[in-house]
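Q: Take a look at this one; I'll ask things after.
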Protein chains: 2
Amino acid sequence: MHRTKVRVVEHALDANNTIARANRADFDRHQLAVVNLMSAPGAGKTSLLERALAAPLDGLRVGVLEGDVQGSYDSDRLAALHVPVAQLNTDPGFGGECHLDANMVRSALPALPLPDIDLLVIENVGNLVCPAEFRVGEDARAMVCSVTEGEDEPMKYPLMFRSCELVLINKIDLLAHLDFDLDRFLHYLDQVNPGVERLLVSARTGQGVAPWREWLQGVAQRNREAALL
Amino acid sequence: MHRTKVRVVEHALDANNTIARANRADFDRHQLAVVNLMSAPGAGKTSLLERALAAPLDGLRVGVLEGDVQGSYDSDRLAALHVPVAQLNTDPGFGGECHLDANMVRSALPALPLPDIDLLVIENVGNLVCPAEFRVGEDARAMVCSVTEGEDEPMKYPLMFRSCELVLINKIDLLAHLDFDLDRFLHYLDQVNPGVERLLVSARTGQGVAPWREWLQGVAQRNREAALL
């Protein structure tokens, strides 16, 4: 039974990668840079996006794809920023999918004006396990980890931390009120993803938002440069 | 493709429920009360368990089943309390399962001295979606939601909040440092699970630990009474 299960999962991941490549081809045709933003529930993905998009990003036209099990709380917040937002709910037919896969993202693309966007941020479902297993055609992956979650998160969810190009360490304004050992967290982080780029941020105070915006701009810049080669 | 997917999932849930009933029969034979403890990553399941089990629970013999994708950080912490702990890792064969199902729990039962336990607490994988979809044979479900996660968690992950008999609202000591509207959270909670038992707790200060311990004792007490009928 275990063997069967593994085969089914591998088949599902093959299919996912095929569709992710199709997404990637569409993104390339529109010269669209795509960031897959992931975290545990409540770590601050939406708040950090609100902060990043509160002012124009160096002439970049940004769009957002919001993944949630149910509801449109986050996309309603982001729509206030006057960027195109598509909401993708994962709940039909089951208690809810715990991640976005390439096919779900593909099904949502017609809802976005791709020719008018330079940078698409996909906010994944809040979860530190399965989202890391499904590529959706993105250029880069960023994750948010809140200091309220404890130091050992990198060791407990290594695939997520390992699969990202940027780790946003959020709610840093709460450090004084927590028993959180930042050095130990960084030590664990370097164990699973040595030297990965990391930013100390606070969506509440705005700390670290400038380099976070620069990182997003850098993803779009590298995408543009690659298109010229 | 969508129809196929739904059928596969329903079949998986049927199989899960069959095995959950077998688990339940084993638990009943040993007069064992079982609590399924769930939350997002880093919400404080392990810390609240440490608090609850720091002193004997009214003569109850407690055991713990620790579910993690990888590692034994949490079970190492709990073993210091001198209760039997079995570690269940979900990572073999895939990037890691994001939840415990009835068959995983069943596979771990031989590692626990069931005849010598009155109350088994199963600490699920940190995730607010899939753990709610898989019953494992438990008597009761409790979940932890940290106030750092934001007010709208019940609306975004309704199945999880709806499927629990107890909601532990943790990290209440941080309220003064957050923009968290407790009344709004409770309003959302009552929308998805009207009147569900809830406790304001802090694993850090110990606030609310006494009623949390009483709730665990109540689950075991009701299980004993049911066995006498």
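The values are calculated or read from the model by the stated rules, or taken from the named source; none is laboratory data. None of the values given here were measured: they were computed from a predicted structure. Note: ideal-geometry Cβ built from the backbone for every residue, glycine included; neighbour counts use all protein chains shown.
Q: Enumerate the pairs (first residue in the range B:54-68 and free of Cβ contacts under 8 Å to residues at least 60 places away in the same chain and within 14 Å of another protein chain (Cβ to nearest Cβ); second residue anywhere and surrounded by fewer than 18 Cβ atoms within 10 Å (Cβ to Cβ) and among the charged types (D, E, K, R)) with beta-carbon separation below 8 Å, excluding pairs fewer than 6 apart on the same chain, so at least 6 apart or on different chains.
A: Close Cβ pairs (under 8 Å, with a partner that is surrounded by fewer than 18 Cβ atoms within 10 Å (Cβ to Cβ) and among the charged types (D, E, K, R)) do not exist here.
Q: Moving to a separate point now. What about B:Leu57, is it farther than 29 Å from A:Met160 by Cα, crowded, with 20+ Cβ neighbours inside 10 Å and among the aliphatic types (A, V, I, L, M)?
A: For B:Leu57, the condition - farther than 29 Å from A:Met160 by Cα, crowded, with 20+ Cβ neighbours inside 10 Å and among the aliphatic types (A, V, I, L, M) - is not met.
Q: Here's a follow-up. Look through the range B:179-214, keep the residues that are in contact (Cβ under 8 Å) with a residue 60 or more places away in the chain and farther than 11 Å from B:Val167 by Cα, and return whichever of them is surrounded by the fewest Cβ atoms within 10 Å (Cβ to Cβ).
A: This residue is B:Gly206.
Q: Something else about it: What single numbered condition from (1) at the interface with chain A (Cβ under 10 Å from one of its Cβ atoms); (2) outside any helix (DSSP H, G or I); (3) within 24 Å of B:Arg204 (Cβ to Cβ); (4) under 17 Å from the mean Cα position of the chain (by Cα) fails to hold for B:Glu151?
A: (4)
Q: Which of the residues spanning the range B:215-229 are aliphatic (A, V, I, L, M) and free of Cβ contacts under 8 Å to residues at least 60 places away in the same chain?
A: Of everything in the range B:215-229, those that are aliphatic (A, V, I, L, M) and free of Cβ contacts under 8 Å to residues at least 60 places away in the same chain turn out to be B:Ala226, B:Leu228, B:Leu229.
Q: Here is a check on your reading of the model: is B:Pro41 within 14 Å of chain A (Cβ to nearest Cβ), over 21 Å from B:Ala140 (Cβ atoms), at pLDDT 90 or above and out of contact with any Ser or Thr (no Cβ under 8 Å at 6 or more places or on another chain)? Before the answer, list the steps.
A: Values: within 14 Å of chain A (Cβ to nearest Cβ): yes; over 21 Å from B:Ala140 (Cβ atoms): yes; at pLDDT 90 or above: yes; out of contact with any Ser or Thr (no Cβ under 8 Å at 6 or more places or on another chain): yes.
Taking the combined requirement at face value, the residue satisfies it.
Q: Sticking with this one: How many residues are assigned to a helix (DSSP H, G or I), among the small types (Gly, Ala, Ser) and within 14 Å of the chain's Cα centre (by Cα) if we restrict to the range A:7-56? First the steps, then the outcome.
A: Within the range A:7-56, the first condition is being assigned to a helix (DSSP H, G or I), and the residues that meet it are A:7-29, A:45-53.
Remaining after also requiring among the small types (Gly, Ala, Ser): A:12, A:15, A:20, A:22, A:25, A:47, A:52.
Those left that are additionally within 14 Å of the chain's Cα centre (by Cα): A:47, A:52.
Residues that pass the stated criteria total 2.
Q: In the range A:154-173, which residues are within 19 Å of B:Glu97 (Cα to Cα), facing chain B (nearest Cβ under 7 Å) and under 18 Å from the mean Cα position of the chain (by Cα)?
A: A:Tyr157, A:Pro158, A:Leu159, listed by residue number.
Q: Which of the residues belonging to the range A:109-134 are in a helix (DSSP H, G or I), under 16 Å from the mean Cα position of the chain (by Cα) and either crowded, with 23+ Cβ neighbours inside 10 Å or more than 9 Å from chain B (Cβ to nearest Cβ) (or both)?
A: Within the range A:109-134, A:Cys130, A:Pro131, A:Ala132 meet the criteria.
Q: Condition first: assigned to a strand (DSSP E or B) and surrounded by fewer than 24 Cβ atoms within 10 Å (Cβ to Cβ). Now tell me which residues in the range B:135-148 satisfy that.
A: Across the range B:135-148, the qualifying residues are B:Ala140, B:Arg141.
Q: Give me a count of the residues in the range B:57-85 that are modelled with pLDDT of 95 or more, touching a Pro at 6+ places or on another chain (Cβ under 9 Å) and not in a loop (DSSP other than H, G, I, E, B).
A: Residues flagged as modelled with pLDDT of 95 or more, touching a Pro at 6+ places or on another chain (Cβ under 9 Å) and not in a loop (DSSP other than H, G, I, E, B) within the range B:57-85 amount to 3.
Q: If A:Phe180 meets every condition in (1) under 28 Å from A:Gln31 (Cβ atoms); (2) more than 9 Å from chain B (Cβ to nearest Cβ); (3) of a type outside the set (Ser, Thr, Tyr) apart from one, which number is that one?
A: A:Phe180 satisfies every listed condition except (1).
Q: Could you tell me how many of the residues in the range B:86-108 are facing another protein chain (nearest Cβ under 10 Å) and assigned to a loop (DSSP other than H, G, I, E, B)?
A: 10
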